[in-house]
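Structure record follows, encoded as structure tokens.
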Amino acid sequence: MKPTSNVFARVEPEIKEQAEQVLNELGIPMSNAIGLFLRQIIMQRGIPFELKLPNRNPAAIGEMTDTELNAMLEKQC
């Protein structure tokens, strides 16, 4: 067995509980999931998912024209 190292992280209790529920359904211990995440960071040389800032002034869908809404939806695909 390879030696291991400890990682300490502070997270909101609700987030931890919800993540544990999902991981339990998958049969993956939290420590394994964290290890998978760290390996993906190494393999991809960065965070393994896209990080974006939200729109500064998100438009209300009800205020958009059909053309604007369709353009926004196409842009996200």
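Just to be sure, is Met43 out of contact with any Asp or Glu (no Cβ under 8 Å at 6 or more places or on another chain), loosely packed, with under 10 Cβ neighbours inside 10 Å and modelled with pLDDT under 95? Answer is no for this residue.
Inspect segment 48-60 for any residue being assigned to a helix (DSSP H, G or I) and surrounded by 10 or more Cβ atoms within 10 Å (Cβ to Cβ) and give the result as yes or no. Before you say what the answer is, go through the steps one by one.
Here is the first cut: in segment 48-60, the residues assigned to a helix (DSSP H, G or I) are none.
Taking every residue of segment 48-60 in turn, none turns out to be assigned to a helix (DSSP H, G or I) and surrounded by 10 or more Cβ atoms within 10 Å (Cβ to Cβ).
For segment 1-40, filtering for residues that are surrounded by 10 or more Cβ atoms within 10 Å (Cβ to Cβ) and not in a helix (DSSP H, G or I) leaves 2.
The values are calculated or read from the model by the stated rules, or taken from the named source; none is laboratory data. Everything quoted here is computed from the prediction, not taken from an experiment. Glycine also receives a Cβ, built like all others from the backbone with ideal geometry; neighbour counts cover every protein chain displayed.
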